[in-house]
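Engineer: Got a structure for you, written out below as structure tokens; questions coming shortly.
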Amino acid sequence: MQTEEEELSALQTLIRSGEFRHSYEVGRKTEGKVFDRRTLLNLYTAIKNFGIESVDYPISSGKESIVFKATKKNEKVAIKIYRMSTLQFSNIEKYIAGDSRFERERRDRSRVVFLWARKEYANLIGMTNAGIFVPRPFYLQGNVLVMKYIGTESRPAPMIKNYDPDPEDSYRQVAEIMKRMYQRAGLIHGDLSEYNLLYYRKRVCVIDVGQSVSIKHPMAMEFLERDIKNITRFFIKEGVGANSESLLNQVTQDE
């Protein structure tokens, strides 16, 4: 059963959080809020440089980021804004420290959010090039990421936990996604579950890949086994004959 918070729309969640309450101190630190001075400047630059004409409405609002639907000419895009105040260094350090692409980067409180955004941007590019259905990234400015919008004019694509008309087919797609991610992109999602898989036009789309790591990461196998456990648990609940050992072999065996 969904909690009251889960049932709230993204816009209702933002309104209740006080995100849009007036303040004369735009630049002050506000715990849990999105629009501090740096974020406003980054958002302004992204809108100007990428040619965004309108920011329409929020798609999702979480502890670490908020995503808006926006419009560029006739194209719909998504703007992901990473919260400067709530992304916890302690929670993401293990995903960065062993990643050779980023482990030598300076990681302090003021820079870690920008690094995390860069990491997601790089992971999305790698997965797109590997033929995986993810929101294709277009533009990155600090903690503001512009990417392809997945959904219809009226609503974003639902998570498979809320809408999945064909769990058997979705499981096959997810297994292939994980295999391509491992074999072609050389990546492991690291937090894969029914909460970051969307269902759109009979296809499964992967989102939230900031924590995804190289298969050479020292904790890669631990992350992969956790992903597999989450996926098999969900699909078994949906009536699919999923098996963790079989899925692991399918993902890791050579093409």
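Engineer: What nm distance separates the two modelled labels at ALA97 and GLU64, each placed 7 Å from Cα along Cα→Cβ?
Structural biologist: About 1.6 nm separates the two model spin labels.
Engineer: While we're here: Based on the Cβ-Cβ distance from LYS76 to ARG104, what FRET efficiency comes out when R0 is 45 Å, to the nearest 0.05?
Structural biologist: Computed FRET efficiency for LYS76 and ARG104: 0.75.
Engineer: Okay, next question. Work out how much length THR45 to ARG201 would gain on full extension: take 0.36 nm times their residue separation and subtract the Cα-Cα distance, in nm to one decimal.
Structural biologist: Length gained between THR45 and ARG201: 52.9 nm.
Engineer: Let me ask another. So what's the gap between the Cα centers of segment 202-231 and segment 52-80, to the nearest angstrom?
Structural biologist: So the separation of the two Cα centres works out to 25 Å.
Engineer: Label segment 148-225 by shape, choosing from rounded, prolate and oblate, from the square roots a ≥ b ≥ c of the eigenvalues of the Cα gyration tensor; if a/c is under 1.5 it is rounded, and otherwise prolate applies when a/b is larger than b/c, oblate when it is not.
Structural biologist: Because a/c hits 1.5 or more and a/b exceeds b/c, segment 148-225 counts as prolate.
Engineer: Now for a different question. What residues qualify as long-range amide H neighbours of ILE215, i.e. H under 5 Å apart, gap of 5 or more or another chain, H built at 1.01 Å from N?
Structural biologist: For ILE215, the qualifying residues are LEU187, ILE188.
None of the figures in this text is laboratory data; all of them are computed from the coordinates on show. Only a predicted model underlies this, so the values are computations on that prediction, with no experimental measurement involved. Cβ: placed from backbone, ideal geometry, glycine included. Neighbour counts: every protein chain shown.
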